[in-house]
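Only one structure is covered here, and it is reproduced in the block below.
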Amino acid sequence: MASEHVRLLTRFLILLALAATAAHGQITLKSPSWNELSEHDRQVLAPLASDWNSLDAQRRQKWIGLAKRYPTLRPDQQQRIQTQMQEWSRLSPDQRNAARERYKSLKSLPPDKKNEVREKWQEYQNLPPDQKRELAAKPVPPPKAPGAARPPPPPPRTPARPPASPAPPSTGQ
(Lines give C-alpha, C1' and ligand atoms only; values in the text may rest on other atoms or scores of the structure.)
Protein backbone atom coordinates (compact mmCIF):
# COMPACT_ATOMS: atom_id res chain seq x y z
CA MET A 1 0.00 0.00 0.00
CA ALA A 2 2.77 2.44 0.96
CA SER A 3 4.75 1.49 -2.14
CA GLU A 4 1.63 2.17 -4.25
CA HIS A 5 1.46 5.72 -2.81
CA VAL A 6 5.15 6.26 -3.47
CA ARG A 7 4.72 5.06 -7.05
CA LEU A 8 1.73 7.38 -7.60
CA LEU A 9 3.54 10.30 -6.00
CA THR A 10 6.58 9.67 -8.22
CA ARG A 11 4.43 9.58 -11.35
CA PHE A 12 2.70 12.78 -10.28
CA LEU A 13 6.02 14.55 -9.72
CA ILE A 14 7.34 13.38 -13.10
CA LEU A 15 4.19 14.63 -14.84
CA LEU A 16 4.43 17.92 -12.98
CA ALA A 17 8.06 18.34 -14.03
CA LEU A 18 7.22 17.54 -17.65
CA ALA A 19 4.32 19.99 -17.63
CA ALA A 20 6.54 22.71 -16.18
CA THR A 21 9.18 22.04 -18.84
CA ALA A 22 6.58 22.19 -21.62
CA ALA A 23 5.09 25.40 -20.22
CA HIS A 24 8.54 26.96 -19.98
CA GLY A 25 9.22 25.90 -23.57
CA GLN A 26 6.08 27.66 -24.74
CA ILE A 27 6.85 30.80 -22.78
CA THR A 28 10.42 31.02 -24.04
CA LEU A 29 9.53 30.37 -27.67
CA LYS A 30 12.55 31.44 -29.71
CA SER A 31 11.71 34.78 -31.14
CA PRO A 32 14.59 36.12 -33.22
CA SER A 33 15.00 39.82 -33.79
CA TRP A 34 15.04 41.07 -37.40
CA ASN A 35 18.86 41.01 -37.49
CA GLU A 36 18.94 37.40 -36.26
CA LEU A 37 16.83 36.14 -39.19
CA SER A 38 18.56 34.41 -42.07
CA GLU A 39 19.13 36.42 -45.24
CA HIS A 40 16.45 34.32 -46.99
CA ASP A 41 13.88 34.95 -44.24
CA ARG A 42 14.62 38.71 -44.25
CA GLN A 43 14.19 38.78 -48.02
CA VAL A 44 10.83 36.95 -47.90
CA LEU A 45 9.57 38.90 -44.90
CA ALA A 46 10.89 42.29 -46.06
CA PRO A 47 7.44 43.98 -46.01
CA LEU A 48 7.30 43.28 -42.26
CA ALA A 49 10.79 44.64 -41.46
CA SER A 50 9.61 47.85 -39.79
CA ASP A 51 7.15 45.97 -37.55
CA TRP A 52 9.15 42.80 -36.91
CA ASN A 53 10.68 43.69 -33.55
CA SER A 54 7.28 44.72 -32.16
CA LEU A 55 5.57 41.44 -33.12
CA ASP A 56 4.97 38.92 -30.34
CA ALA A 57 6.82 35.59 -30.42
CA GLN A 58 3.84 33.62 -31.68
CA ARG A 59 3.32 35.91 -34.68
CA ARG A 60 7.04 35.89 -35.48
CA GLN A 61 6.99 32.08 -35.49
CA LYS A 62 4.00 32.10 -37.82
CA TRP A 63 5.81 34.37 -40.28
CA ILE A 64 9.06 32.38 -40.01
CA GLY A 65 7.09 29.22 -40.84
CA LEU A 66 5.71 30.96 -43.91
CA ALA A 67 9.22 32.04 -44.96
CA LYS A 68 10.39 28.41 -44.67
CA ARG A 69 7.51 27.18 -46.88
CA TYR A 70 7.89 30.07 -49.33
CA PRO A 71 10.32 28.33 -51.76
CA THR A 72 7.84 25.48 -52.24
CA LEU A 73 5.04 27.83 -53.34
CA ARG A 74 4.17 28.58 -56.95
CA PRO A 75 5.24 32.02 -58.24
CA ASP A 76 1.64 33.31 -58.24
CA GLN A 77 1.25 32.23 -54.59
CA GLN A 78 4.53 33.91 -53.68
CA GLN A 79 3.40 37.13 -55.36
CA ARG A 80 0.04 37.01 -53.57
CA ILE A 81 1.77 36.56 -50.20
CA GLN A 82 4.15 39.47 -50.90
CA THR A 83 1.19 41.70 -51.82
CA GLN A 84 -0.73 40.66 -48.71
CA MET A 85 2.27 41.32 -46.45
CA GLN A 86 2.70 44.78 -48.00
CA GLU A 87 -0.98 45.58 -47.46
CA TRP A 88 -0.82 44.21 -43.91
CA SER A 89 2.22 46.33 -43.09
CA ARG A 90 0.29 49.46 -44.10
CA LEU A 91 -2.57 48.77 -41.68
CA SER A 92 -2.78 50.48 -38.32
CA PRO A 93 -2.87 48.29 -35.19
CA ASP A 94 -6.64 48.91 -34.90
CA GLN A 95 -7.18 47.88 -38.52
CA ARG A 96 -5.12 44.74 -37.96
CA ASN A 97 -7.17 43.81 -34.90
CA ALA A 98 -10.39 44.41 -36.83
CA ALA A 99 -9.11 42.18 -39.65
CA ARG A 100 -8.23 39.43 -37.16
CA GLU A 101 -11.70 39.64 -35.62
CA ARG A 102 -13.35 39.45 -39.07
CA TYR A 103 -11.20 36.42 -39.88
CA LYS A 104 -12.22 34.70 -36.65
CA SER A 105 -15.90 35.40 -37.25
CA LEU A 106 -15.70 34.16 -40.86
CA LYS A 107 -13.86 31.04 -39.76
CA SER A 108 -16.64 30.19 -37.31
CA LEU A 109 -19.46 30.48 -39.87
CA PRO A 110 -21.44 27.38 -40.81
CA PRO A 111 -20.50 25.88 -44.22
CA ASP A 112 -23.51 27.31 -46.09
CA LYS A 113 -22.74 30.83 -44.87
CA LYS A 114 -19.06 30.38 -45.78
CA ASN A 115 -20.10 29.46 -49.32
CA GLU A 116 -22.34 32.52 -49.48
CA VAL A 117 -19.45 34.76 -48.39
CA ARG A 118 -17.13 33.11 -50.95
CA GLU A 119 -19.67 33.74 -53.71
CA LYS A 120 -20.04 37.39 -52.73
CA TRP A 121 -16.26 37.76 -52.59
CA GLN A 122 -15.97 36.26 -56.07
CA GLU A 123 -18.61 38.70 -57.34
CA TYR A 124 -16.60 41.54 -55.84
CA GLN A 125 -13.36 40.25 -57.40
CA ASN A 126 -15.04 40.26 -60.82
CA LEU A 127 -16.03 43.95 -60.56
CA PRO A 128 -14.12 46.50 -62.62
CA PRO A 129 -11.49 48.48 -60.64
CA ASP A 130 -13.53 51.72 -60.72
CA GLN A 131 -16.51 49.98 -59.08
CA LYS A 132 -14.22 48.48 -56.44
CA ARG A 133 -12.85 51.97 -55.64
CA GLU A 134 -16.39 53.33 -55.47
CA LEU A 135 -17.40 50.60 -53.01
CA ALA A 136 -14.24 51.11 -50.97
CA ALA A 137 -15.05 54.83 -50.61
CA LYS A 138 -18.47 54.12 -49.09
CA PRO A 139 -18.66 53.96 -45.30
CA VAL A 140 -19.11 50.47 -43.94
CA PRO A 141 -22.47 50.03 -42.18
CA PRO A 142 -22.18 48.91 -38.56
CA PRO A 143 -22.69 45.16 -38.12
CA LYS A 144 -26.11 44.09 -36.98
CA ALA A 145 -26.37 42.65 -33.51
CA PRO A 146 -27.43 39.00 -33.38
CA GLY A 147 -31.19 38.76 -33.62
CA ALA A 148 -31.51 42.40 -34.69
CA ALA A 149 -32.44 41.56 -38.26
CA ARG A 150 -36.13 42.11 -37.53
CA PRO A 151 -37.64 45.12 -35.79
CA PRO A 152 -38.99 44.37 -32.32
CA PRO A 153 -42.63 43.28 -32.23
CA PRO A 154 -45.18 45.94 -31.31
CA PRO A 155 -46.41 45.94 -27.71
CA PRO A 156 -49.42 43.69 -27.08
CA ARG A 157 -52.75 45.39 -27.69
CA THR A 158 -55.35 45.58 -24.99
CA PRO A 159 -58.96 45.24 -26.09
CA ALA A 160 -60.73 48.53 -26.55
CA ARG A 161 -63.10 49.32 -23.68
CA PRO A 162 -66.19 51.40 -24.06
CA PRO A 163 -66.01 54.73 -22.25
CA ALA A 164 -67.27 54.57 -18.71
CA SER A 165 -70.87 55.75 -18.53
CA PRO A 166 -71.70 58.37 -15.95
CA ALA A 167 -73.49 57.14 -12.85
CA PRO A 168 -77.28 57.75 -12.89
CA PRO A 169 -78.27 60.86 -10.96
CA SER A 170 -79.43 60.18 -7.46
CA THR A 171 -83.06 61.05 -6.75
CA GLY A 172 -82.47 61.82 -3.17
CA GLN A 173 -84.99 59.31 -1.76
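The values are calculated or read from the model by the stated rules, or taken from the named source; none is laboratory data. None of the values given here were measured: they were computed from a predicted structure. FYI the Cβ positions are ideal-geometry reconstructions off the backbone, even for glycines, and counts take in every protein chain you see. Surface areas here come from the heavy atoms of the whole protein model, side chains and all, with no ligands, DNA or RNA. Shrake-Rupley method; radii C 1.70, N 1.55, O 1.52, S 1.80 Å.
Just one of the numbered conditions (1) modelled with pLDDT of 90 or more; (2) in a helix (DSSP H, G or I) is not true of Lys114; which one?
If we test Lys114 against (1) modelled with pLDDT of 90 or more; (2) in a helix (DSSP H, G or I), just (1) comes out false.
Is there a residue being open to solvent by 70 Å² or more (accessible area, probe 1.4 Å) and at pLDDT 90 or above anywhere in the range 18-31?
Checked the range 18-31: no residue is open to solvent by 70 Å² or more (accessible area, probe 1.4 Å) and at pLDDT 90 or above.
Conditions tested, residue by residue: (1) farther than 30 Å from Gln95 by Cβ; (2) at pLDDT 85 or above; (3) open to solvent by 80 Å² or more (accessible area, probe 1.4 Å); (4) under 22 Å from the mean Cα position of the chain (by Cα).
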| position | (1), (2), (3), (4) |
| --- | --- |
| Lys120 | no, yes, yes, yes |
| Pro128 | no, yes, no, no |
| Pro151 | yes, no, yes, no |
| Arg161 | yes, no, yes, no |
| Ser165 | yes, no, yes, no |
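For (1) over 15 Å from the mean Cα position of the chain (by Cα); (2) farther than 26 Å from Val140 by Cβ, each residue gets a yes or a no:
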| position | (1), (2) |
| --- | --- |
| Leu45 | yes, yes |
| Gln58 | yes, yes |
| Trp63 | yes, yes |
| Thr72 | yes, yes |
| Gln86 | yes, no |
| Gln95 | no, no |
| Arg102 | no, no |
| Pro110 | yes, no |
| Lys113 | yes, no |
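Within the range 33-103, which helices (runs of 4 or more DSSP H) (wholly inside it) include 1 or more residues that are under 26 Å from Arg118 (Cα atoms), open to solvent by 90 Å² or more (accessible area, probe 1.4 Å) and in contact with a Pro (Cβ under 9 Å, 6 or more places away or on another chain)? Outline the logic, then answer.
Numbers: elements: 39-44, 57-69, 75-90.
It comes to 75-90.
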